[in-house]
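A short write-up of the structure that comes next.
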């Protein structure tokens, strides 16, 4: 089975309390960076991989995207996304990211935020996603967040955030790391 800790009742109840879950995009520290590099979404077909509560899906529609498909493996996440989204142009599909299979040239923009660290083969998913683009002008944007809990009595964690944007043949990568002391 593909990794899905979000349907665990205890984990999900804690996740719902996080600022990004309560406040949406404005509660996500990475949102200003994502928003700054997203292309215009008006009249675009958008795919959101690992859509969670559907914040990026709704944002895309607020920006007048023609259609948005959100994919997530978690039924609890999708229930929340559907409850918060009243828009027939937004569809939410329960599916592991690794199993995506859409038509050739179906999407103008593909977004994934904080989901690819769960995927076994990032390369295979990227190859699939590139097939879905309508043209070389499409944008593929991934934000990865990997929290490693290191061994030892101090239980220090290292959080690495990597932002990758592929715009045609241009690749933009930003890597930030910080040490976190659990409370």
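Condition first: over 17 Å from residue 54 (Cα atoms), assigned to a loop (DSSP other than H, G, I, E, B) and in contact with a helix residue (DSSP H, G or I) (Cβ under 8 Å, 6 or more places away or on another chain). Now tell me which residues in segment 105-116 satisfy that.
Those that are over 17 Å from residue 54 (Cα atoms), assigned to a loop (DSSP other than H, G, I, E, B) and in contact with a helix residue (DSSP H, G or I) (Cβ under 8 Å, 6 or more places away or on another chain): 105, 106.
Identify the single condition in (1) assigned to a helix (DSSP H, G or I); (2) touching a helix residue (DSSP H, G or I) at 6+ places or on another chain (Cβ under 9 Å); (3) free of Cβ contacts under 8 Å to residues at least 24 places away in the same chain; (4) within 24 Å of residue 126 (Cβ to Cβ) that residue 11 does not satisfy, given that it satisfies every other one.
Result: residue 11 fails condition (4) only.
Is segment 84-104 home to any residue that is in a loop (DSSP other than H, G, I, E, B), touching a residue at least 24 places away in the same chain (Cβ under 8 Å), under 19 Å from residue 3 (Cα atoms) and out of contact with any strand residue (DSSP E or B) (no Cβ under 8 Å at 6 or more places or on another chain)?
Yes, because at least one residue in segment 84-104 is in a loop (DSSP other than H, G, I, E, B), touching a residue at least 24 places away in the same chain (Cβ under 8 Å), under 19 Å from residue 3 (Cα atoms) and out of contact with any strand residue (DSSP E or B) (no Cβ under 8 Å at 6 or more places or on another chain).
Scanning for something more than 13 Å from the chain's Cα centre (by Cα), modelled with pLDDT of 95 or more and assigned to a helix (DSSP H, G or I), does segment 69-77 turn up at least one residue?
Scanning segment 69-77, I find at least one residue that is more than 13 Å from the chain's Cα centre (by Cα), modelled with pLDDT of 95 or more and assigned to a helix (DSSP H, G or I), so the answer is yes.
Testing residue 39 on (1) closer than 15 Å to residue 108 by Cβ; (2) modelled with pLDDT of 90 or more, one condition comes back false. Which one is that?
Failed condition: (2).
Does residue 69 qualify as being touching a residue at least 40 places away in the same chain (Cβ under 8 Å), surrounded by 19 or more Cβ atoms within 10 Å (Cβ to Cβ) and touching a strand residue (DSSP E or B) at 6+ places or on another chain (Cβ under 9 Å)?
Answer is no for this residue.
Condition (residue is more than 17 Å from residue 59 (Cβ to Cβ), at pLDDT 90 or above and either more than 15 Å from the chain's Cα centre (by Cα) or surrounded by fewer than 11 Cβ atoms within 10 Å (Cβ to Cβ) (or both)) applied to segment 17-29: is it met by at least one residue?
Scanning segment 17-29 turns up at least one residue that is more than 17 Å from residue 59 (Cβ to Cβ), at pLDDT 90 or above and either more than 15 Å from the chain's Cα centre (by Cα) or surrounded by fewer than 11 Cβ atoms within 10 Å (Cβ to Cβ) (or both).
Being surrounded by fewer than 18 Cβ atoms within 10 Å (Cβ to Cβ) and either in a loop (DSSP other than H, G, I, E, B) or within 14 Å of the chain's Cα centre (by Cα) (or both) is the filter here, so list the residues in segment 34-62 that pass it.
Selection gives 35, 39, 40, 42, 43.
For segment 101-119, check the following and say yes or no: at least one residue is at pLDDT 85 or above, more than 15 Å from the chain's Cα centre (by Cα) and within 25 Å of residue 30 (Cα to Cα).
Yes, segment 101-119 contains a residue that is at pLDDT 85 or above, more than 15 Å from the chain's Cα centre (by Cα) and within 25 Å of residue 30 (Cα to Cα).
The values are calculated or read from the model by the stated rules, or taken from the named source; none is laboratory data. Only a predicted model underlies this, so the values are computations on that prediction, with no experimental measurement involved. Reconstructed Cβ throughout: ideal geometry from the backbone, glycine too, with neighbour counts over all protein chains shown.
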